[in-house]
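All remarks here apply to the structure that follows.
The values are calculated or read from the model by the stated rules, or taken from the named source; none is laboratory data. Predicted model only: the values in this text are computed from it and were never measured. Virtual Cβ from ideal backbone geometry, glycine too; neighbours counted across all protein chains shown. Only protein heavy atoms, including side chains, enter the accessible area calculation; ligands, DNA and RNA are left aside. Shrake-Rupley method; radii C 1.70, N 1.55, O 1.52, S 1.80 Å.
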Amino acid sequence: MMRSIVLLILSWIYWIFVKIGEYLFKFFSSFHRESKEVTEVSEKLSRIADKLIPAYEGSILLTPFRSIVRKYGVLSHYVLIPLLTAAYIVLALMSSVPFPFLHSLIEGILLWIIAVLIYCFSSRMGEDLSVKLDLRQVDELEIAYFSLPLLLAGILILIYNYMNIGSLPVLTPELRSHNVVWMIGYDLYLIGISLFTSSLVSLHLSGRISKSFLYEYAALAIIFTVIVTFPSGFRLDVFTALVPIIAVLWFRRVIKARHIVLYLLLPLFLIFVGQKYILMSRAGAQTDIWYILVSRAGFTLYSLSLIIKSFGPWGISYGKLLFLNPILTILGVPRLLVGPFLGSVIVGIPSSYTSTFIGPIWVDFGIIGIIFLPLIFGTITGIYYNLAARGSSVSLALYSIMLSCMLVWIESGPVHPYLYIPFFLTVPIIPLVSRRRSVGG
């Protein structure tokens, strides 16, 4: 009885969101005017980006990656997570940060590589498991209607939060924080923008909306995402919200990897460096560009080496840091923060320090966590990757969010409460986007 009541309430909420979204969609669509110039500009930009192909094909350094890139694509988690992990390690070792505990440093890097390999292996296992699932049919336009109120609500809540604290955190570093109001707004926006983008791409591929409409939306989505997330003062907030938009467009071949490198990665690089430059200059700290680029990676790897040296292989908090504290955070209960905890215990000062993907996992669970958490993350990601590849727009939206979370966790580990919600929300949604294949089907 209770289950029926809950399902009825959820169906009402869904219906209300769809109706509101339908009105909003028609309202915003009324401003669109078909224009050949939009597609012509995109075609010209595409020809410029095509000049990157000879450099890619002729690169000796990229030779080992070409076969796996051809199979999965450069922006898939199979390529991007290992590649960026390797790049992060190289940047850290290039920094001027000293690594006095060489044995612990090597052990930490090896454990990190093992965790990434487990993640990729379990993702393949998740793909194999999802072969037994059939996709449920959904109305792409209805999904677009449903997601539009989510992303607009997220924008309004984020703006309200900036107004409520009285200043933009990017200009006032001491105000930087992820409070409960901000987390609610950010998650609504992240889920809404991912679903809306994915459903619009599917509508375009089925001929229900034009290419110029999709291109105009994509440009506006990227611009608005930067506008509402940049003021938070955290680079990862901009990054995490932009990746799903880019990943969806790439996954469905609306844009190509070379377009992303030329027209998105370079501006993003300038945004990230610029944001950090503003924060450091406002705080009176060193603002050397090279220092900004490599120091964070160096300190992160340094923290990992100290963690490996200071904590045994079986963990000390057994879920408190990674799972209990996020729940307390969402409920507004004061709790021990992972970054300051590691800073005060390991480095000796109560300041936040990132410690790579495995640092917080090692503190919490030790070697058991290094094995099982990447196994869980990889399996879930693999399931949605396969469902997305088979045409599910909802699965693609959720896969793009999981990819974004994993990219952020390369540096910090899974310590962000507001990223847990969209990541683990994918588990109960599996029966909604797929069903077990009937015997003989």
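Quick notes
- Solvent-accessible surface (1.4 Å probe) assigned to Glu107 amounts to roughly 70 Å².
- Largest to smallest accessible area among Phe269, Phe25 [probe 1.4 Å]: Phe269, Phe25
- Note on Phe101 and Leu175: the model spin-label points, each 7 Å out from Cα along the C-beta direction, lie 3.8 nm apart.
- Normalised per residue, the accessible area of segment 149-264 is 38 Å², obtained with a 1.4 Å probe and no contribution from ligands, DNA or RNA.
- Phi angles of segment 209-219 translate, via the Karplus equation with coefficients 6.51, -1.76, 1.60 and θ = phi - 60°, into HN-Hα couplings of 9, 7, 5, 5, 4, 5, 5, 5, 4, 4, 4 Hz per residue; Gly and Pro are given as x.
- Checked against a 26 Å cut-off, the cross-linked pairs Lys132/Lys211; Lys71/Lys256; Lys36/Lys71; Lys26/Lys211 give Cα-Cα distances beyond that limit for Lys132/Lys211; Lys36/Lys71.
- Solvent-accessible area of Val131, all protein chains in place: 70 Å² (probe radius 1.4 Å, heavy atoms, ligands and nucleic acids excluded).
- Potential extension, Arg435-Arg253 segment - 0.36 nm per residue separation minus Cα distance: 62.8 nm
- If R0 is 25 Å, the Cβ-Cβ spacing of Leu324 and Met2 corresponds to a FRET efficiency of close to 0.40.
- Options Phe146, Ser130, Ile118, ranked by Cα towards positive dipole end of segment 103-164, top entry (Cβ charges): Ile118
- In sequence order, calculated HN-Hα J values of segment 78-89 (Karplus, 6.51, -1.76, 1.60; Hz; x Gly/Pro): 5, 9, 5, 5, x, 5, 6, 4, 4, 5, 5, 4
- Amide H contacts under 5 Å for Ser434, placed H, 5+ residues apart: Arg136
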